[in-house]
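Data first, discussion second: the structure below is written as structure tokens.
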Amino acid sequence: MAAALLHHHAQGRVLVRSAGSAPADSVNPAVVTVMAELGIDVSHELPKRLTTDAVEASDVVITMGCGDACPVFPGKRYLDWQLDDPAGQGADAVRAIRDDIDQRVRSLLAELSPHAKVRVVPATHEHADAILAIYQAGLDTGEASFETTAPDWATWDATRLPSHRFVALDDTGRVLGWIAVTPVSSRCVYAGVVEHSVYVDPEAHGRGVGGALLDRLIASTEAAGIWTIQSGIFPENTASLALHRRAGFREVGVRERIGAQHGRWRDVVLLERRSASDSAGRAGH
């Protein structure tokens, strides 16, 4: 799981090797299942035996309790991750292990590839062209929305709440993604309920952009007393579903055949994140 996640997030920026001191004959079926939820197929992978050459050729060696079975070479960086063993465990337990590994992998990648770090700032009209281009790129995949064409800037600007819209920038100032919210209703009782959208430039996938944007949005809405952020995501968009689960969103249910796209009916998973703050929600009373 660690190797597959690092390979997925690094997008070719890091060479990944994986091996075990006592490898099994095949990949754990529960691992295959929970990795598929993130859109990562490990069903055809074969466990490999650890070799001295593989360790010697690596800059960073991550062990998971292999002890003396892992050779030690001077000048290498060694990390030992204490993790539960997924062997013999069900999907729920393995899913928790996967999410723990994913957080460790993301942190490691940020260290190994500093340029992957992003800066999140309020979105302004200066970012308009980039926001709409990234929006359209997401719509073109057919997995982001029922919409097929991004609106013009005036429409986008008028329908998103000014206090809760952000862009992620790299160290050159290039926009890597955006996030924004719209109110779900004009009724005052729903003043603390918003629906959000988050889009990331395809070239920036795996760099933690979506997570950084969600973190900033959650901080912003919490400070404003907003008690619910919700969104609808196609079940096929497993990467986005996983991103939102890591950010504390829960699955409320599936709206079956809620709309048609390109001649076929599609389901939508309804997700929401409820504020943990005691002060959130009082504005609606």
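The values are calculated or read from the model by the stated rules, or taken from the named source; none is laboratory data. On a predicted model such as this, the values are computed, not experimentally measured, just so you know. Heads up, the Cβs are rebuilt from the backbone with ideal geometry, glycines too, and the neighbour counts pull from every protein chain shown. The accessibility values were calculated without ligands, DNA or RNA, using every heavy atom of the protein model including side chains. Shrake-Rupley method; radii C 1.70, N 1.55, O 1.52, S 1.80 Å.
Each residue in segment 52-86 was checked for being open to solvent by 70 Å² or more (accessible area, probe 1.4 Å) and among the polar types (S, T, N, Q), and 2 of them qualify. Output the number of residues of segment 87-107 satisfying the condition of being at negative phi, part of a loop (DSSP other than H, G, I, E, B) and open to solvent by 50 Å² or more (accessible area, probe 1.4 Å). Total meeting the criteria: 2. Among the residues that make up segment 119-132, is at least one of them modelled with pLDDT under 95 and open to solvent by 50 Å² or more (accessible area, probe 1.4 Å)? Yes: one or more hits.
Screening Ala110 on (1) on the phi > 0 side of the Ramachandran plot; (2) touching a helix residue (DSSP H, G or I) at 6+ places or on another chain (Cβ under 7 Å) shows it passes everything except condition (1).
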